[in-house]
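Quick notes on the structure that follows.
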Amino acid sequence: MHICRSKKELEGVLASIAPDSKLGFVPTMGALHEGHLRLVKEAQQRCDAVIASIFVNPTQFGEGEDLARYPRQEEADAALLEAEDVTVLYLPDAGDIYPDGVRADVTPHAMSKVMEGVFRPQFFAGVCTVVKRLFEHVKPDMAFFGEKDFQQLWIIKQMVEEFSLPIGIVAVPTQREVSGLALSSRNQYLTDAERKTARTLYAALKNVVEVVMAEESPPDACCKLAKARLLDVGFEVVDYIEYRREDTLELLDRFQPGGRLFAAAWLGGTRLIDNLAVR
Ligand code: PAF
């Protein structure tokens, strides 16, 4: 596995890869888990060479968020990627990504203002800016993103369309613990007791999905009930539980195929997000 610590080094290594190779790209912020490795495996299956990046992107963190304490474990991450036979690990520094100053300059789709965008207003501009720049550096044919961050995946697809980028975006299903808890680098912040409570998020969402599908009561009422239940079991704050169309992210007021339930909630200073398809 080639490890490139600058754009220049990356350019050198990319030039040595056969020009007709299909390049798969897995951008990450590190602290890798099975969810990331699933993205890598998917990329391996569909591409000739896989490039993974690790860059903790400052522009997608708001003031008071966890930028400084975001888990950094470069050696362990590199070993995991090496074991997956990744061709290149790209570890750019902020100067490579933000040569003209650390700021976001891509305006994301308007649907960046709902759900995550309400609570993390800087997030999608930061994500779109870094992903666009990484795409410019890596020039992949395909890029792989997890459905756990479904809104992020959707906004990135819109960006690729808006800028007519010749890159296929591949969505990879959320990887979960046996308990149902969605894998996330931020799960590292949870104490054992919090982890137990965290598992109830998936159960609550599944319950809403079942009730919404049975059309016993309107989605809005089910979401309110689930929110109350999560507060009851120990979540401090529930930012949102919402039922939306997965193709447009518009709110739905009754069950219909192609809907998805989205949630974000706080547990002991850790913010968890998850989503489930309603089919
Ligand atoms: O999902 C992530 O890990 C990040 O938001 C991404 C896409 C790597 C951009 O920094």
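The values are calculated or read from the model by the stated rules, or taken from the named source; none is laboratory data. Model, not experiment: these values are computed from the prediction. No Cβ is skipped: glycine too gets one built from the backbone with ideal geometry, and neighbour counts run over all protein chains shown. Just the protein is used for accessible areas: all its heavy atoms, side chains included, with ligands, DNA and RNA removed. Shrake-Rupley method; radii C 1.70, N 1.55, O 1.52, S 1.80 Å.
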Task: Total charge dipole magnitude, the chain, about the Cα centre, Cβ charges on Lys, Arg, Asp, Glu only, Debye to nearest 20 - done: 360
TODO: Could you state how much accessible area Glu42 has, in square angstrom rounded to the nearest 10, with a 1.4 Å probe and all protein chains kept in place?
DONE: 30
Task: Accessible surface, 1.4 Å probe, highest first, among residues Trp266, Trp154 - done: Trp266, Trp154
Open item on the list: As a quick test, which of the pairs Lys157/Lys196; Lys22/Lys157; Lys157/Lys227 have an alpha carbon distance above 23 angstrom in this structure?
Closed with: Lys157/Lys196; Lys157/Lys227
TODO: Let me know the charge dipole size of the range 51-202 about its Cα centre in debye, to the nearest 20, where only the beta-carbon of Lys, Arg (+1) and Asp, Glu (-1) is charged.
DONE: 580
TODO: Keeping the other protein chains in place, figure out the carbon and sulfur percent of the accessible area of the range 166-279, with a 1.4 Å probe.
DONE: 53
- [ ] First compute the accessible area of the range 88-159 with a 1.4 Å probe, then give the percent of it belonging to carbon and sulfur atoms.
- [x] 53
TODO: On the full set of protein chains, 1.4 Å probe, figure out the accessible area of Glu147 and give it in Å² to the nearest 10.
DONE: 40
- [ ] With a probe of 1.4 Å, find how much accessible area the chain has per residue, and write the answer as a whole number in Å².
- [x] 46
TODO: Give the percent of DSSP beta bridges with both residues in the chain that are antiparallel, rounded to the nearest 5.
DONE: 50
- [ ] Inverting the mean 1/r over all pairs of different Cα atoms, compute the Kirkwood radius of the range 56-170 and quote it in Å.
- [x] 15.4
- [ ] Rounded to the nearest 500, what is the 222 nm mean residue ellipticity of the chain from helices alone, with -39500 (n - 2.57) per DSSP H run of 4+ residues and division by all residues?
- [x] -11500 deg cm²/dmol
Open item on the list: Over 27 Å apart: what share of the alpha carbon pairs of the chain falls there, rounded to a whole percent?
Closed with: 40
